[in-house]
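Student: First the structure, then my questions, so here it is.
The values are calculated or read from the model by the stated rules, or taken from the named source; none is laboratory data. These numbers were taken from a predicted model, which means no experiment stands behind them. Here the Cβ positions follow ideal geometry from the backbone for every residue, glycine too, while neighbour counts run over all protein chains shown.
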Amino acid sequence: MESIFGVQTFSGKTSLLKNNKDEDSVSFKEFLMASLHQVSDLQKDAEKKMSEVVLGDARSVHEVIIATEKAALALQLLVQVQNKAIDAYHEIMRLQF
């Protein structure tokens with residue numbers, strides 16, 4: 001199964017990270033940072049394709065729409081992960097006496 005980011009289902013190993021560390025020791029922070037960078041790259045690609053359409057250099061308007069939707073969906077997913085992490089933090093804070 002392939003996700004928005006082009007990564008197979010998460011099994012502790014990920015191809016998002018480009019460092020040569022042991023893949024079993026990927027931290028959640030590193031995974032989130034890599035995802036953030038990938039979302040940023042998708043948005044930059046969509047902006048580039050939109051400017052190509054404006055300048056008349058684009059091969060297809062469909063490619064622009066697809067790139068824009070990929071960027072939008074990736075950002076929505078990232079925001080949802082952020083919201084869940086914040087909710088989990090608040091829940092942990094409530095459990096402490």
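Student: Looking only at residues that are of a type outside the set (Asp, Glu) and touching a Ser or Thr at 6+ places or on another chain (Cβ under 8 Å) in segment 9-26, which one is modelled with the lowest pLDDT? Give the steps one after another, and end with the answer.
Tutor: If we filter segment 9-26 for residues that are of a type outside the set (Asp, Glu), which is where we start, we get 9-21, 25-26.
Of the ones still in play, those that are also touching a Ser or Thr at 6+ places or on another chain (Cβ under 8 Å) are 9, 16, 26.
Details: 9: 48, 16: 52, 26: 84.
It comes out as 9.
Student: Continuing with the same structure: Suppose we keep only residues that are part of a helix (DSSP H, G or I), closer than 15 Å to residue 85 by Cα and of a type outside the set (Asp, Glu) within segment 27-48. Which one would you say is modelled with the lowest pLDDT?
Tutor: My answer is 28.
Student: Just need a number here: residues in segment 49-76 that are surrounded by 10 or more Cβ atoms within 10 Å (Cβ to Cβ), small (Gly, Ala, Ser) and not in a helix (DSSP H, G or I).
Tutor: 2
Student: Scan segment 77-89 residue by residue and report those that are surrounded by 12 or more Cβ atoms within 10 Å (Cβ to Cβ) and either at pLDDT 95 or above or within 17 Å of residue 43 (Cα to Cα) (or both).
Tutor: Within segment 77-89, 77, 78 meet the criteria.
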